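Report on the following structure.
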Amino acid sequence: MKTNIFLVLFFLFGFSLIHIQGQTTVNKGKNRVEVIFTNKLTFDDLVKIKADLKAKNITIVYQKIEFDKEKHLSAINISVDCNDGFKGSVSSKPLTNDNKVRFCRDFSKKSKEPFAIEAM
């Protein structure tokens, strides 16, 4: 079954929040971008995420992607370059409801976490 993607735009403190169905959230405000890769995503979702990040001048390379028989993401290795000095890579364990991969770039000057890339 193909995952339907829907976008809901909220304005909260001047930032936008875009939610992609399947436990994946892309926060794309002026100051923050966050993506969580889950086992609910499909290939089409990955293509959209890559395009969204490119629009924010962030380069993501999917070094390894695996899908299960339902065509949902089961494993991922990524490399991210924010093109401003922040970059990194991460390899996932098999993705489950408990195992996810997260990437975050916060452009705020006083950010406690300006960059993160991790398996969770």
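Just so it is clear, none of the values below were taken in a lab; they were calculated from the coordinates. Keep in mind it's a predicted model, so treat the numbers as computed, not measured. Don't worry about glycine lacking a Cβ; one is built from the backbone with ideal geometry, like all the others, and counts go over all protein chains shown.
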Check: So which of S108, S89 ends up being out of contact with any helix residue (DSSP H, G or I) (no Cβ under 9 Å at 6 or more places or on another chain) and part of a strand (DSSP E or B)?
Finding: S89
Notebook entry, point to check: Just to be sure, is K54 in a strand (DSSP E or B) and more than 18 Å from E113 (Cβ to Cβ)?
Noted result: no
Checklist line | Residue match in region 71-86 (condition: in a strand (DSSP E or B), over 18 Å from E34 (Cα atoms) and hydroxyl-bearing (S, T, Y)) | finding: yes
Check: Is region 59-79 home to any residue that is in contact with a Lys or Arg (Cβ under 9 Å, 6 or more places away or on another chain), charged (D, E, K, R) and surrounded by fewer than 14 Cβ atoms within 10 Å (Cβ to Cβ)?
Finding: no
